[in-house]
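Novice: The structure under discussion is supplied below as structure tokens; questions concerning it will follow.
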Amino acid sequence: MSHDDAPAYAPPVRRDGSGRDRSGRDGSVRDGSERDPHARLAPAVATVLGLLLAPPALFFWGLSDMATDSCGPDDCSPELMSALDVVDGALLLGGPLGAAACVAAWLLPRTRRWAVPRLWLAGLSLLPWPVVIALVVDLPQG
């Protein structure tokens, strides 16, 4: 077998026959530092879903204040007012935190060691948008 027949993905091997690469290891990487070929998948899906879910969440948040039109903000039920406060908090606090989690998912190193934190950050970045939509859809009566 010539050097041209060797597979392209084979680790570099020293010619002394020891089977070790230049760093002294045996060619197999066991510490999770090899590149993850699917590293961009979770942040990309989270970004696309976030771009699809954020506009309806912002739209429903803008409409949520109209729930107090029939009773006035002073005469509405405490359940409605607390639900609107939760919606405001979920969007005003969760929105920037979700965006930061999405950016962090993109910025993590693209190695297998960081695959699980990258997946968690991508998933958590989507959390504020469906929470706001679900809360606005299920507002209590004023």
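The values are calculated or read from the model by the stated rules, or taken from the named source; none is laboratory data. Just so you know, these numbers come straight off a predicted model, no measurement behind them. FYI the Cβ positions are ideal-geometry reconstructions off the backbone, even for glycines, and counts take in every protein chain you see. The protein model used for the area step is the full one, side chains on, heavy atoms only, and it has no ligands, DNA or RNA in it. Shrake-Rupley method; radii C 1.70, N 1.55, O 1.52, S 1.80 Å.
Novice: Relative to a virtual label point 7 Å from the Cα of L63 in the Cα→beta-carbon direction, which members of the stretch 111-142 show backbone nitrogen distances below 13 Å?
Specialist: Answer for this model: 133-139.
Novice: Put +1 on the Cβ of every Lys and Arg and -1 on every Asp and Glu Cβ in the stretch 65-138; which of L97, V136, L80 then has its Cα farthest towards the positive end of the dipole?
Specialist: Projecting each Cα onto the dipole axis, the largest value belongs to L97.
Novice: Then there is this: When the chain is fully extended, how far beyond the present Cα-Cα distance does L97 get from Q141, taking 0.36 nm per residue of separation?
Specialist: Details: separation 44, 0.36 × 44 = 15.84 nm, distance 2.98 nm.
So the extension gain works out to 12.9 nm.
Novice: If the only charges are +1 at each Lys and Arg Cβ and -1 at each Asp and Glu Cβ, what is the size of the charge dipole of the stretch 29-118 around the Cα centre, to the nearest 20 debye? Each step should come with its number before you reach the end.
Specialist: Numbers: 7 positive and 10 negative charges, 245 e Å.
Dipole magnitude for the stretch 29-118 comes out near 1180 debye.
Novice: Computing the accessible area with a 1.4 Å probe over protein heavy atoms, can you report the carbon and sulfur percentage for the stretch 80-141? Don't skip to the answer; put the middle values down first.
Specialist: Working: 2640 of 3510 Å².
The nonpolar share, carbon plus sulfur, comes to 75 percent.
Novice: Suppose each label sits 7 Å from its Cα in the direction of the beta carbon; what would the T111-S33 distance come out to in nanometres?
Specialist: 0.5
Novice: If we sort 119-130, 81-92 on the protection proxy, mean other Cβ atoms within 10 Å, highest first, what's the order?
Specialist: Working: 119-130: 19.5, 81-92: 16.5.
In decreasing order of mean packing, 119-130, 81-92 become 119-130, 81-92.
Novice: Quick one: if you stick a label point 7 Å off each Cα along the C-beta vector at L127 and D74, how many nm between them?
Specialist: Between L127 and D74, the simple spin-label model gives 3.8 nm.
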